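One structure is given below, encoded as structure tokens.
The numbers here are math on the coordinates, done by the rules we state, and not lab data. Everything quoted here is computed from the prediction, not taken from an experiment. With ideal geometry, Cβ positions are generated from the backbone for all residues, glycine too; neighbour counts draw on all protein chains shown.
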Amino acid sequence: MKRVFVLATLLFFAIAAQPVQAQSPNQRIKDAVAAMGGADALGNLKTLSLKATAKHWEPEQSYVAGGEPRPLGTSTLAIAWDLSQGMSRTDHQHKMDYPFPGDETYSDIVGPSWGAVINDKGDRPMSPNRLAFELREQERASPVLLLKALGQPQNVSSAANQKAGGKTYPAVAFNDGGSKFLIMFDPKTKLPAGIRTVEDDVIHGDGVYDLWLADWKPAGAAKIATSLSWKFSGLAKLDVTYTDIAVNPALPAQAFTVSDATKQAAKPPANGDVPWQAVLVSVNFGRYDDLQEEKNASGGIVMKQADLAPNVFQALGRSHNSLVVAMKTYLVVFDAPQNEAQSRWTIDAAKAKFPGKPIRYLVMTHHHMDHLGGARTYIAEGATIIVGSPDKAHLMKELAGAHKMHPDALQKNPKPVKIVEVKDHMTLKDSETIEIYRIANPHVEGMLTMYVAGPKIAWVTDIYSPGRESAKTPANAQYLDTVKKLGLTPALYAGGHGASVSQADAMAMLAK
């Protein structure tokens, strides 16, 4: 599906219904360049060597729906940046705190026509989507972005004042090749305060993605921002602080050297319909797999159907799963992971296996975005969403958002968002019986677990991943103890991750 560029442009200039300032856009650029030290000072910035720290966040992994963004981890960065060539190398020491604590050390090289990722296993080409994202963010954060805009007055145009955090900023638009940046200015200092793009997100829908610039410090005769904060519609995503700046150092030649095989296999950056926020989420998690991303792009979605009972099947994705239960007159689905494509596959498979039965309910174990990403597809089918308390208010807001930039099934076929909240326990009964329980757990407030009584199948997500976990953890031990206390007697555990295991296998795992 092609991105709707005309609509994006309209949204781009309609974010704030404020009058355009009388000052010309090119004059604003000139004033900002002067505040940054002047054109000569910025032009003399050829290379930078930076030491930095970073904090990574994900709003839709919060403990409570709508709560504070979950801190994912921290990084120590060493950046070699050739501003004149548009190339950078960043060495990452990424300490991950969530969801799987651990350390990851790797480097990435970003250039105008190719990129690479390097770790202890060697180097490999960067995927086109990730390269496009990294190039755009390198350009957005570049200390010489406004100098470039100064030299391209034909690509600078007027824009409405922009609002963020209760403040109003005068702004200009800069069409920088394939990127449309909205540059916001501090009216007192004339310095650029933020660089905005308009894009969409699978959960939040249409929104703004901002880089906020602060703590300006000398870099030679120029000034550069040393505190950089990326936010989507005001929600924290990434914070970077430069702790050490070296101006115009001689960068080692090997900084941008990769194997011949990688250089030959490298592809140019993607254009058009790049999933910007999906790339950011994966990089923030420290789990961006360029090789897998390439397989996804070339081979499409890969799903499998695992029949667990005559009226139950598990829709198995590469990493995330759903469960489909056929009642007498309708269908119930547990969880809607990842995106519309995975939900579309699951819905089509359910209709093929159980023809004539509508999907009446989508039961969500919890609000996290990797399990909620395809929920709007079910709403477009007319399904009612069942969630644990206190998730209803937050999910009503998120699921009812506009997705005009990248229209999904619900945007094309609007239906009312219907949500039922479970405070403790709920039963669905129509020849088959499904018991839904809100349970205590260490992962998230409002977690639900489901039990299909006929075939004795328990559904669990994140706190236990059947078949993927081989040893006892505090979370899976608590969950299995909860199932026992509820008086349930599962023959099988099926998961939003992993696959399915028998009760005997689950008990054997606890013994390890």
- [ ] Pop out the ³J(HN,Hα) list for segment 259-273 in order, Karplus 6.51 cos²θ - 1.76 cosθ + 1.60 with θ = phi - 60°, rounded to Hz; leave Gly and Pro as x.
- [x] 5, 4, 4, 5, 4, 6, 7, 4, 10, x, x, 5, 9, x, 8
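Which entries in the list 46/148; 121/237; 190/237 go over 19 Å, if you measure between the two C-alpha atoms of each?
Working: 46/148 13 Å; 121/237 29 Å; 190/237 26 Å.
From 46/148; 121/237; 190/237, over 19 Å: 121/237; 190/237.
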Task: In Å, descending, principal axis extents of the Cα set of the chain - done: 77, 51, 38
TODO: Quick one: check the C-alpha center-to-center distance for segment 336-377 versus segment 408-455, whole angstrom.
DONE: 12 Å
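Wrap a convex hull around the Cα atoms of segment 349-403, take a quarter of its surface area, and give that in square nanometres. Before the final figure, lay out the partial values.
Values: hull surface 17.0 nm².
It is 4.3 nm².
Would you calculate a helix-derived [θ] at 222 nm for the chain, using -39,500 (n - 2.57) for each DSSP H run of n ≥ 4 and dividing by the full residue count, to the nearest 500? Mind showing how you got there, number by number?
Working: 15 runs with 127 residues, N = 512.
Roughly -7000 deg cm²/dmol at 222 nm, from the helical runs in the chain.
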- [ ] Kindly provide the trypsin sites (Lys or Arg not before Pro) of segment 324-353 that DSSP labels as loop, not H, G, I, E or B, and whose Cβ sees at most 12 other Cβ atoms within 10 Å.
- [x] 328
Task: Cut-off 10 Å between beta-carbons: net charge of the residues surrounding residue 269, Lys and Arg +1, Asp and Glu -1 - done: +2
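When Lys and Arg each count +1 and Asp and Glu each count -1, what net charge do the other residues less than 14 Å away from residue 175, Cβ to Cβ, add up to?
On the way: positive: 136, 140, 148, 180, 196; negative: 139, 176.
That works out to +3.
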Open item on the list: Tell me the net charge near residue 414. Cut-off is 14 Å between Cβ atoms, residue 414 excluded, with +1 for each Lys or Arg and -1 for each Asp or Glu.
Closed with: +3
- [ ] Starting from the eigenvalues of the Cα gyration tensor, five times each then square-rooted, give me the equivalent ellipsoid semi-axes of segment 302-510, largest first, whole Å.
- [x] 26, 18, 16
TODO: Report ³J(HN,Hα) in whole Hz for each residue of segment 383-400, in order, from the Karplus equation J = 6.51 cos²θ - 1.76 cosθ + 1.60 where θ = phi - 60°; Gly and Pro get x.
DONE: 6, 8, 8, 10, 9, x, 5, x, 7, 4, 4, 5, 5, 4, 5, 5, 6, 8
Task: Degrees between helix 128-141 axis and first principal axis of the chain (Cα, 0 to 90, nearest 10) - done: 50 degrees
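Quick one: which of 240-248, 32-40 comes out on top by average Cβ neighbours within 10 Å, and what's the full order, highest first?
Numbers: 240-248: 15.4, 32-40: 18.4.
Final packing ranking: 32-40, 240-248.
Between their Cα atoms, which of 167/418; 397/423; 353/397 are more than 31 Å away from each other? Please list the in-between numbers first.
Details: 167/418 34 Å; 397/423 19 Å; 353/397 33 Å.
Long pairs (Cα-Cα over 31 Å): 167/418; 353/397.
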Open item on the list: Below 8 Å between Cα atoms, with a sequence gap of 6+, how large is the relative contact order for the chain in percent?
Closed with: 13 percent
TODO: Would you kindly derive the ³J(HN,Hα) couplings of segment 27-36 from the backbone phi angles with the Karplus curve 6.51 cos²θ - 1.76 cosθ + 1.60 (θ = phi - 60°), listing them in order in whole Hz, with x for Gly and Pro?
DONE: 5, 4, 4, 4, 5, 5, 4, 4, 5, 8
